[in-house]
């Protein structure tokens, strides 16, 4: 059996043996998984940390609020471009060395941001982060299959993707709190310190991970021409575009439509993030056996929560419940999409992940921007309605799936 097929079968089944490298199992165990999970947490923390710091960054660097917003936009766009490029450029390099190098980029990005004297240097710092984000999610997010026994792959993968929810939970309140108490530069210093810890953990716990095959442009093109992969990428674009068209503006909704105070908004967003963690781990327990059911349920619940919030604004308990449902449902989405794309591209899993990262980041940026246009023109209800409709369309990609999902 070829090495790419070993990767694929481990993703498809909970009963197959470990992947093999040179006749021996390549296995770092749970401590290696934790090191990768820590890196995923630091990535998301670093990417979204500036959201709560935009006003003070804008004032300190002497730019408009809109220009300061580049610190949020640039990493996503850079990740979309660099995910396939880093995957191809790494060739036959040991994936351990590649992941450690990407962690260096993350630490350097945060350190440079903390020292940035002007907006130009800040943008360069955030571009470095984008390289780390794109490369890590293309290679690191799927590495669990090579670290633990096959029956534990989905639980290990859910731990790695849990970093997304954990980073989302921590980034906004941490940025706002530290920025208020010690200044925005201190927040980036803390992020740089966390990145160095993740780097050390990877260096100590991650085993050698020789590549299964070199990735070339033809490999990416072949993966993108796969009907099952195209369906997975279409579903990805729909759910990420819809989710971020709506969720980006949930804070204005809570403040102006539901009339929540600032402390209540913080508490609700924290509950959303914690629910996302729970949804991620719940999905990890069953996604290997019921991928289609997990994905359809998650996207339908996102659609229902977004749609019902439009009518529930006057009922505070209903708003809180619906936001929590939204968080739990979307928490399952990244893990389900990752398993889906790996099943769709068994001969080139890293190519599939690179394409998935690009689709996610482009849809995220486009959804947030388009949602702003929609909300400005028609109100938050319209953004939520568009988000709900696109989430349902994403679920509908499973009506005639190109790939056996269970």
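Some observations on this one:
- Residue 54 fulfils the conditions (1) at pLDDT below 80; (2) within 20 Å of the chain's Cα centre (by Cα); (3) under 25 Å from residue 166 (Cβ atoms) except for a single criterion, (2).
- Between 107, 111, 144, 83, the distinction of being under 27 Å from residue 157 (Cβ atoms), in a helix (DSSP H, G or I) and at pLDDT 85 or above belongs to 107 only.
- Residue 348 being at pLDDT below 80, surrounded by 22 or more Cβ atoms within 10 Å (Cβ to Cβ) and in the same structural domain as residue 246 (by TED's automatic domain parsing): yes
- Within the range 62-77, tally of residues that are more than 12 Å from residue 360 (Cα to Cα) and assigned to a helix (DSSP H, G or I): 10
- Subset of the range 251-268 (residues that are out of contact with any helix residue (DSSP H, G or I) (no Cβ under 7 Å at 6 or more places or on another chain) and closer than 21 Å to residue 387 by Cβ): 256
- Annotation note: Cβ proximity below 8 Å between a residue of the range 71-87 that is in contact (Cβ under 8 Å) with a residue 24 or more places away in the chain and not assigned by TED's automatic domain parsing to the domain that holds residue 49 and a residue that is part of a helix (DSSP H, G or I) and surrounded by fewer than 20 Cβ atoms within 10 Å (Cβ to Cβ) (sequence gap 6+ or interchain) occurs for no pair.
Residue-wise test of (1) under 23 Å from the mean Cα position of the chain (by Cα); (2) surrounded by 15 or more Cβ atoms within 10 Å (Cβ to Cβ); (3) more than 24 Å from residue 80 (Cβ to Cβ); (4) modelled with pLDDT of 85 or more.
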site: 224; (1), (2), (3), (4): yes, yes, no, no
site: 239; (1), (2), (3), (4): yes, yes, no, yes
site: 249; (1), (2), (3), (4): yes, yes, no, no
site: 256; (1), (2), (3), (4): no, no, yes, no
site: 261; (1), (2), (3), (4): no, no, yes, no
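- In the condition set (1) under 17 Å from the mean Cα position of the chain (by Cα); (2) surrounded by fewer than 23 Cβ atoms within 10 Å (Cβ to Cβ); (3) within 20 Å of residue 207 (Cα to Cα), residue 72 is compliant with all but (3).
- Among the conditions (1) surrounded by fewer than 24 Cβ atoms within 10 Å (Cβ to Cβ); (2) in contact with a helix residue (DSSP H, G or I) (Cβ under 7 Å, 6 or more places away or on another chain), residue 326 misses just one, which is (1).
- Any chance residue 117 is at pLDDT 80 or above, more than 29 Å from residue 72 (Cβ to Cβ) and part of a loop (DSSP other than H, G, I, E, B): no
- Residues in the range 361-377 that are over 20 Å from the mean Cα position of the chain (by Cα) and at pLDDT 85 or above: none.
- Top-ranked residue of the range 277-293 - restricted to ones that are closer than 20 Å to residue 321 by Cα and crowded, with 24+ Cβ neighbours inside 10 Å, ranked as modelled with the highest pLDDT: 279
- Check on residue 274, modelled with pLDDT of 90 or more and over 30 Å from residue 355 (Cβ atoms): no
The values are calculated or read from the model by the stated rules, or taken from the named source; none is laboratory data. Since the structure is predicted, the reported quantities are computational estimates derived from the model, not experimental observations. Every residue, glycine as well, gets a Cβ built from its backbone with ideal geometry; the counts of neighbours run over all protein chains shown.
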